[in-house]
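K.L.:
Sharing a structure with you now.
Every read-out reported here was derived from the displayed coordinates using simple, explicitly stated rules and does not represent laboratory data. Model, not experiment: these values are computed from the prediction. Here Cβ is always computed from backbone atoms with ideal geometry, including for glycine, and neighbour counts include all displayed protein chains.
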Ligand code: AHN
Ligand code: ZN
């Protein structure tokens, strides 16, 4: 792309992304099979449509780790569907029914708000959709909100199984994509992109599947002054939606990981994963970085 032909990169509005997180939480827990889950799905689909996306809602029944059948919805929006060259952006929109990492074990079976774990990635992507409607990038973009990422086997169950009990929506999509011929240059997953003091490391599966995309995204972040967030250190391997999407589209995961803590963000799968622990500066670092990457394609 010549310099003259590039589109100016829009300015990411973190207040807008934050408001989208609040809006999702206001529906209640986005647990598959519940009325709050259905209402939230309807909102997400209509919001993507309002921002100019061609929206398809992929409905399916999948089996959870405990045999429960879950009615799930993957929400898929295509922007400039006529364009052949495309990038895929995705996040999970469901919220976890268990606070199984809470300090108090009496909370293990209580659902979490999922302000960071779920709503943050969706909030950033809805704001990106809004920006794309105001000024179209050169490349075609698809946004998928995957369901049932976070219904994985709880840690209070003593079992060696459960490794494939996460990311049920993206597992389904990777077997049966909404369009059998679907392709994109690469995919970027946003997971837990709104926490305070968040650090994004070069995650292991991403480095195996699409190291050049990790380089591109991390370089963009450093160029924009977000080098404190996007650290150039190798992270662990995370079983997340990008692993399954990666069977069709080489994909990376922008996911907060605290190497010193030896885990994800401190609020991960606890009752503290609330709006109070969302930091607009983190949303901005991720949102502006992804916009930069998209508008430079
Ligand atoms: C596992 O704990 C195996 N995967 C974590 C993926 C995840 C859960 N992302 C958000 N919530
Ligand atoms: Zn989770």
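K.L.:
Going by Cα centres, region 210-230 and region 85-142 are how many Å apart?
P.N.:
20
K.L.:
Measure nothing but the geometry: give the 0 to 90° angle between the long axis through the Cα atoms of 211-223 and the longest principal axis through the Cα atoms of the chain, rounded to 10°.
P.N.:
70
K.L.:
Helix 121-134 sits at what angle to the longest principal axis of the chain, using alpha carbons and giving 0 to 90 degrees rounded to 10?
P.N.:
The two axes meet at around 30 degrees.
K.L.:
In a GNM of the chain with a 10 Å cut-off on Cα contacts, which of 287, 67, 263 has the highest mean-square fluctuation?
P.N.:
With Cα springs under 10 Å in the chain, the top fluctuation among 287, 67, 263 is at 67.
K.L.:
While we're on this one: Is the C-alpha gyration tensor of region 189-268 telling us rounded, prolate or oblate? Criteria: a/c under 1.5 is rounded; beyond that, a/b larger than b/c is prolate, otherwise oblate.
P.N.:
Since a/c reaches 1.5 but b/c is at least a/b, the shape of region 189-268 is classed as oblate.
K.L.:
Starting with the fewest neighbours, write out 216, 223 ranked by other beta-carbon atoms found within 10 Å of each beta-carbon. Walk me through the intermediate numbers first.
P.N.:
Numbers: 216 18, 223 11.
So the ranking, lowest neighbour count to highest, is 223, 216.
K.L.:
Between 132, 69, 192, find the one with the highest GNM mean-square fluctuation for the chain; connect C-alpha pairs within less than 10 Å.
P.N.:
Its mean-square fluctuation being the largest, the pick is 69.
K.L.:
Hey, fewest Cβ within 10 Å first, where do 165, 16, 159 land in order? Mind dumping the intermediate values first?
P.N.:
Values: 165 20, 16 16, 159 11.
Taking fewest neighbouring Cβ atoms as first place, the list is 159, 16, 165.
K.L.:
Arranged by the count of other C-beta atoms within 10 angstrom, fewest first, what order do 96, 61 take?
P.N.:
Result, fewest neighbours first: 61, 96.
K.L.:
Restricting to region 117-262, what percent of DSSP beta bridges are antiparallel, rounded to 5?
P.N.:
Of the beta bridges lying entirely in region 117-262, close to 10 percent run antiparallel.
K.L.:
Just from its helices, what would the mean residue ellipticity at 222 nm be for the chain, if runs of 4 or more DSSP H residues each count -39500 (n - 2.57) and the sum is divided by every residue, rounded to the nearest 500 deg cm²/dmol?
P.N.:
-9500 deg cm²/dmol
K.L.:
Here's a follow-up. Of the beta bridges DSSP finds with both residues in the chain, what % are antiparallel, to the nearest 5?
P.N.:
Taking every DSSP beta bridge within the chain, about 50 percent pair in antiparallel fashion.
K.L.:
Ok, one more. Please determine, in degrees from 0 to 90 and to the nearest 10, the orientation of helix 14-26 with respect to the longest principal axis defined by the Cα atoms of the chain, where the helix direction is its Cα long axis.
P.N.:
Relative to the chain, helix 14-26 is tipped by roughly 30 degrees.
K.L.:
Follow-up. Would you mind telling me which residue in 137, 266, 180 has the biggest mean-square fluctuation in a Gaussian network model of the chain, where springs connect alpha carbons within a distance under 10 angstrom?
P.N.:
Ranking 137, 266, 180 by mean-square fluctuation puts 180 first.
K.L.:
Estimate the FRET efficiency between residue 228 and residue 61 by the formula 1/(1 + (r/R0)^6), using the beta-carbon distance for r and 30 Å for R0, to the nearest 0.05.
P.N.:
Using R0 = 30 Å, I get an efficiency of 0.10.
K.L.:
In nm, to one decimal, how far is the residue 133 label point from the residue 271 one, both placed 7 Å along Cα→Cβ?
P.N.:
3.7
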